[in-house]
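See structure below.
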Amino acid sequence: MAAPAGRRQGKMAAPVPRTEGLGAGQDGGVRRGQDGGAHAAYGGAGPRQDGGARGAGRGGSRRTGERGAGRRRMEGSERLVPKGFPKLKNDTFLRAARGEETEYTPVWCMRQAGRYLPEFRETRAAQDFFTTCRSPKVCCELTLQPLRRFPLDAAIIFSDILVVPQALGMDVVMAPGKGPTFPEPLKEVEDLLKLRQKVDVTAELGYVFQAITLTRHSLEGKVPLIGFSGAPWTLMSYMIEGGGSTTMAKAKSWLYRHPDASHRLLRLLADVITDYLVGQVAAGAQALQLFESHAGHLGPEQFQDFALPYIRDIARGVKSKLKAEALPLVPMIIFAKDAHYALGDLAHAGYDVVGLDWTIRPQEARAQIGKDITLQGNLDPCALYAPKEKIGELVKKMLEGFGTQRYIANLGHGLYPDMSPEHVGAFVEAVHAHSHHMNKHS
């Protein structure tokens, strides 16, 4: 398709290959509310008749006639095979994730496909959010849009963390001015019986796998493609609260009043998420990020009991299944927002990268996590409201705090809808320029 009008922006001094030639496809920003969903911010397996990737049917068979199944059919999909992908040309992000030496610090942004881009708004205008998520072609296009503008070092598939509760049988709608809403949230323990206890992720989430495969081909090897999921506690909190919440009081009350039922729900979610992430790798994802966005609502003891065990189990389960199915052991990233008290535990949770929000100093994070784990983050997203020169100064200070190795530059959370694309470009350019200079003179 023709390049969006907004693509013609000021030139960018890119020290990495440009991505202007990318074909139409679908993308992956990570979003909460502002762009519709909660987070929309994902090998060489053979195709299935139903369009999913090999092995993605793990987790049980689909029950016929279940409510809402038809709504999760993919729309306008192209049945591309998840193999024969173009050779990767820029592996800087993957090398940094694995702790290998890099010429410069790689950079990508959570929610990099989002409403701050006029072409994103134009593409999304014709359909509602979850219809968009179910269209592999549109998801691919949205995923690629920021890469046409900026020399980013990774793409993240456009989707949403709430597709997992949908796969369990829950309805999620987009309420104007309110964001994602569950018309029938979980209220009592008995409501757990309404959830599918076995989920065929290919049948329920095959549209995400198709989007990943299409996007991986459409990227033409320019940069790696990241897949993602929400973590169990974060998804549980949405399913009980019925949407966003400042206190998570309803969800947290379950942890105190119904600890056994809470663990049953968290285990169910962890099992589905594990299969979902493995399916994303089978479809072509080259890295995975797990978002525990609501970690900050838990204290250290609650996090130890109700979040950390499932975060660990997902890493262990994904790696075990990837190995069993002869799929690539891709790098895994854990981002637990506001969980400063748990950084030491997260460093030993089985992930290659620990993501950080903007409320912790790089030196403090490194001291807790150690030298054997790559860090990712953590510029305050609001710093992008500053003049471009100031953004450059803040990036330089951030790089001096983290160092240029075993480090992936990012924001401490996602981009906001009213941010200037030019300032996002200034952030990306500054990371590349300053890290190149620092490496050259180190």
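Going through region 298-312 one residue at a time, which ones are of a type outside the set (D, E, K, R), open to solvent by 20 Å² or more (accessible area, probe 1.4 Å) and within 18 Å of LEU268 (Cβ to Cβ)?
Matches in region 298-312: PRO309 only.
Just to be sure I understand, how many residues within region 146-196 are among the small types (Gly, Ala, Ser), closer than 30 Å to HIS217 by Cβ and assigned to a loop (DSSP other than H, G, I, E, B)?
Narrowing region 146-196 to residues among the small types (Gly, Ala, Ser): 154-155, 159, 167, 169, 175, 177, 179.
Okay, now just the ones that are also closer than 30 Å to HIS217 by Cβ, so 154-155, 159, 167.
Cutting the leftovers down to assigned to a loop (DSSP other than H, G, I, E, B) gives us 154, 159.
Qualifying residue count for the region: 2.
Could you tell me whether region 416-427 includes any residue that is more than 18 Å from ARG149 (Cα to Cα), modelled with pLDDT of 95 or more and under 18 Å from the mean Cα position of the chain (by Cα)?
The initial filter retains those residues of region 416-427 that are more than 18 Å from ARG149 (Cα to Cα), namely none.
No, the conditions are met nowhere in region 416-427.
Counting only residues that are surrounded by fewer than 20 Cβ atoms within 10 Å (Cβ to Cβ) and either within 21 Å of GLU364 (Cα to Cα) or of a type in the set (Val, Ile, Thr) (or both), how many does region 403-437 have?
Residues that pass the stated criteria total 2.
Note down all Cβ pairs under 8 Å where the first residue falls in region 324-341 and is more than 21 Å from ALA97 (Cβ to Cβ), the second is aromatic (Phe, Trp, Tyr) and in a helix (DSSP H, G or I), and they're at least six residues apart or on different chains.
From region 324-341, the pairs are TYR341/PHE303.
Would region 312-325 turn up any residue that is of a type outside the set (Asp, Glu) and under 24 Å from HIS258 (Cβ atoms)?
Here is the first cut: in region 312-325, the ones of a type outside the set (Asp, Glu) are 312, 314-324.
With the extra rule that they be under 24 Å from HIS258 (Cβ atoms), the set shrinks to 312, 314.
Yes, some residue in region 312-325 is of a type outside the set (Asp, Glu) and under 24 Å from HIS258 (Cβ atoms).
If you go through region 273-291 one residue at a time, do you hit one that is at pLDDT 95 or above, within 23 Å of HIS413 (Cα to Cα) and open to solvent by 10 Å² or more (accessible area, probe 1.4 Å)?
yes
Conditions (1) hydrophobic (A, V, I, L, M, F, W, C); (2) open to solvent by less than 10 Å² (accessible area, probe 1.4 Å), marked per residue:
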site: THR143; (1), (2): no, yes
site: ARG149; (1), (2): no, no
site: ILE157; (1), (2): yes, yes
site: GLU188; (1), (2): no, no
site: LYS194; (1), (2): no, no
site: VAL199; (1), (2): yes, yes
site: VAL208; (1), (2): yes, yes
site: ALA211; (1), (2): yes, yes
site: MET239; (1), (2): yes, yes
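Can you name the residue in region 113-141 that is of a type in the set (Lys, Arg) and part of a helix (DSSP H, G or I) and, of all such residues, is surrounded by the fewest Cβ atoms within 10 Å (Cβ to Cβ)?
ARG121
For TYR276, which of the numbered conditions (1) within 30 Å of PRO151 (Cα to Cα); (2) assigned to a loop (DSSP other than H, G, I, E, B); (3) not hydrophobic (A, V, I, L, M, F, W, C) fails to hold?
In the conditions (1) within 30 Å of PRO151 (Cα to Cα); (2) assigned to a loop (DSSP other than H, G, I, E, B); (3) not hydrophobic (A, V, I, L, M, F, W, C), TYR276 misses (2) alone.
All but one of (1) in contact with a His (Cβ under 7 Å, 6 or more places away or on another chain); (2) assigned to a strand (DSSP E or B) hold for MET110; which doesn't?
Of (1) in contact with a His (Cβ under 7 Å, 6 or more places away or on another chain); (2) assigned to a strand (DSSP E or B), only one is false for MET110: (2).
LYS198: over 30 Å from ALA283 (Cα atoms) and modelled with pLDDT of 95 or more, yes or no? Walk me through it before giving the result.
Numbers: over 30 Å from ALA283 (Cα atoms): no; modelled with pLDDT of 95 or more: yes.
Spelling it out, it is not the case that LYS198 is over 30 Å from ALA283 (Cα atoms) and modelled with pLDDT of 95 or more.
The values are calculated or read from the model by the stated rules, or taken from the named source; none is laboratory data. From a predicted model like this one, the values you see are computed outputs, not experimental measurements. Cβ: placed from backbone, ideal geometry, glycine included. Neighbour counts: every protein chain shown. Surface areas here come from the heavy atoms of the whole protein model, side chains and all, with no ligands, DNA or RNA. Shrake-Rupley method; radii C 1.70, N 1.55, O 1.52, S 1.80 Å.
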